[in-house]
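One structure is given here, and the rest of the page talks about it.
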Amino acid sequence: MRIATWNINSAKARQPRLIEWLDRASPDVVCLQETKLSDEAFLELFDEDLFRRGYRVAHHGDGRWNGVAILSRAGLEDVRRGLPGDPGFPGPEPRAISASCGGIRIWSLYVPNGRTVEDPHYAYKLAWLAALRDVVAELAPQGPVMTLGDFNIAPTDADVWDIAEFEGATHVTEAERAALGRLHDAGLLDLMRERWPDETVYTYWDYRQLCFPKNYGMRIDLTLATADVAARARAVWVDRAARKGTGTSDHAPVVVDLDEAPDGDIGPMVPPPSSRGSSARGSSSRAGAGTRRRAST
DNA sequence: ATGTCCCAATTTTTGGGA
């Protein structure tokens, strides 16, 4: 199952690039942020194109700002709009939506930007992240969970092109990183860093000052997941091609490929005959580990 | 020149947000 997240910075402005990307990348589940549309306007624009490609749609937006969505051709059950405990600014904003897709509770998140550390939006950002932590702490013990989206936090200094440029700025503060740390404490792993611990990886480049050509980027779009999901992650990457050319978002998609769940709907995995009763399925070899058959009875 | 883009409205220019 291929799962992606992409802050598209206006679904309306990005329509051709989004459709083109769906056809090229062929994701099964897509978490979108900053659609900047109402639910009605989003469906009006995309329903036909997405239906024809086999996607079902859950959108949560109110028009001008924010707006999140999940597109899925791997099931879309039990859709929940908003974040329980959302502090609001002052009222709730459409920054979270979740659904069960292919047995995973998937969240598409657009964390408040924070603006500056003195701005009330910064306190809002931290309060919003605290509410998210509580949701994760409740859900993570219950089954597979993924939280994907624009977190507006660079987890470490290595996740920005030049930390000196961020003196006193949001996205890199101790408090923001501590809030992210509490998501990890609640059971979420950073799939990109699990797979690529030391690579330079960016997901966002400002439109201004030729940031993309110079690779002045930030890794702020994160793919977090519980350990059961992390164990299935076969590949994790940033689709930089989607950031190139004209009419692009300032963010690139982050894509995760998952192996099938070992106890998925095809039935429980049992050892293949060749290794049954032997020690061949230990950590030294994965041969045969992908073989699945329906258990008898 | 912030080497930009997006939105809405007080719409053909401006202000706000990222």
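The values are calculated or read from the model by the stated rules, or taken from the named source; none is laboratory data. Quick caveat, the model's predicted, so the values are computed rather than measured. Counting neighbours? That spans all protein chains shown, and the Cβs are built from the backbone with ideal geometry, glycine included. Ligands, DNA and RNA are stripped out before the accessible areas are found, and what is left, the full protein with its side chains, is counted by its heavy atoms. Shrake-Rupley method; radii C 1.70, N 1.55, O 1.52, S 1.80 Å.
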TODO: Hey, can you tell me all the residues within the stretch A:23-49 that are acidic (Asp, Glu) and touching a residue at least 40 places away in the same chain (Cβ under 8 Å)?
DONE: A:Asp28, A:Glu34
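Going by what's in this entry, would A:Arg133 be described as open to solvent by 50 Å² or more (accessible area, probe 1.4 Å), more than 14 Å from A:Met218 (Cβ to Cβ) and either in contact with a Phe, Trp or Tyr (Cβ under 7 Å, 6 or more places away or on another chain) or among the small types (Gly, Ala, Ser) (or both)?
Working: open to solvent by 50 Å² or more (accessible area, probe 1.4 Å): yes; more than 14 Å from A:Met218 (Cβ to Cβ): yes; either in contact with a Phe, Trp or Tyr (Cβ under 7 Å, 6 or more places away or on another chain) or among the small types (Gly, Ala, Ser) (or both): no.
Answer is no for this residue.
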Task: Of all residues in the stretch A:148-204 being more than 26 Å from A:Val135 (Cβ to Cβ) and within 16 Å of DNA strand B (Cβ to nearest atom), the one that is least open to solvent (accessible area, probe 1.4 Å) - done: A:Val160
Task: Single unsatisfied condition, A:Leu109 versus (1) within 16 Å of DNA strand B (Cβ to nearest atom); (2) out of contact with any Lys or Arg (no Cβ under 8 Å at 6 or more places or on another chain); (3) closer than 19 Å to A:Ala4 by Cα; (4) aliphatic (A, V, I, L, M) - done: (2)
Open item on the list: So A:Ala123 ticks every box in (1) open to solvent by 20 Å² or more (accessible area, probe 1.4 Å); (2) touching a residue at least 40 places away in the same chain (Cβ under 8 Å) but one. Which box is left unticked?
Closed with: (2)
- [ ] Restricting attention to the stretch A:215-240, report how many residues are over 17 Å from A:His171 (Cβ atoms) and either in contact (Cβ under 8 Å) with a residue 12 or more places away in the chain or among the acidic types (Asp, Glu) (or both).
- [x] 17
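Results for (1) within 16 Å of DNA strand B (Cβ to nearest atom); (2) touching a Cys at 6+ places or on another chain (Cβ under 6 Å); (3) in a strand (DSSP E or B), shown as yes or no for each residue.
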position	(1), (2), (3)
A:Thr5	yes, yes, yes
A:Arg14	yes, no, no
A:Ala41	yes, no, no
A:Glu44	yes, no, no
A:Asn66	yes, no, no
A:Ile70	no, yes, yes
A:Gly75	no, yes, no
A:Arg80	no, no, yes
A:Pro84	no, no, no
- [ ] Give the number of residues within the stretch A:51-64 that are over 13 Å from A:Lys12 (Cβ atoms), in a loop (DSSP other than H, G, I, E, B) and open to solvent by less than 20 Å² (accessible area, probe 1.4 Å).
- [x] 1
Open item on the list: I'm trying to understand the selection: among the residues of the stretch A:112-145, which are assigned to a loop (DSSP other than H, G, I, E, B) and within 14 Å of DNA strand B (Cβ to nearest atom)?
Closed with: A:Pro112, A:Asn113, A:Gly114, A:Arg115, A:Thr116, A:Val117, A:Glu118, A:Asp119
Task: Residue list for the stretch A:101-118, filter: closer than 17 Å to A:Val145 by Cα and either open to solvent by less than 50 Å² (accessible area, probe 1.4 Å) or within 15 Å of the chain's Cα centre (by Cα) (or both) - done: A:Cys101, A:Gly102, A:Ile104, A:Arg105, A:Ile106, A:Trp107, A:Ser108, A:Leu109, A:Tyr110
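Condition (residue is within 20 Å of A:Gln33 (Cα to Cα), within 16 Å of DNA strand B (Cβ to nearest atom), open to solvent by 40 Å² or more (accessible area, probe 1.4 Å) and basic (Lys, Arg)) applied to the stretch A:244-251: is it met by at least one residue? Walk me through how you get there before you give the answer.
Keep residues of the stretch A:244-251 that are within 20 Å of A:Gln33 (Cα to Cα), which gives A:244, A:246-251.
With within 16 Å of DNA strand B (Cβ to nearest atom) added as a condition, the list becomes A:244, A:246-251.
When the remaining residues are screened for being open to solvent by 40 Å² or more (accessible area, probe 1.4 Å), the result is A:244, A:246-247.
Subset that is basic (Lys, Arg): A:244.
Checked against the condition, which is being within 20 Å of A:Gln33 (Cα to Cα), within 16 Å of DNA strand B (Cβ to nearest atom), open to solvent by 40 Å² or more (accessible area, probe 1.4 Å) and basic (Lys, Arg), the stretch A:244-251 yields at least one hit.
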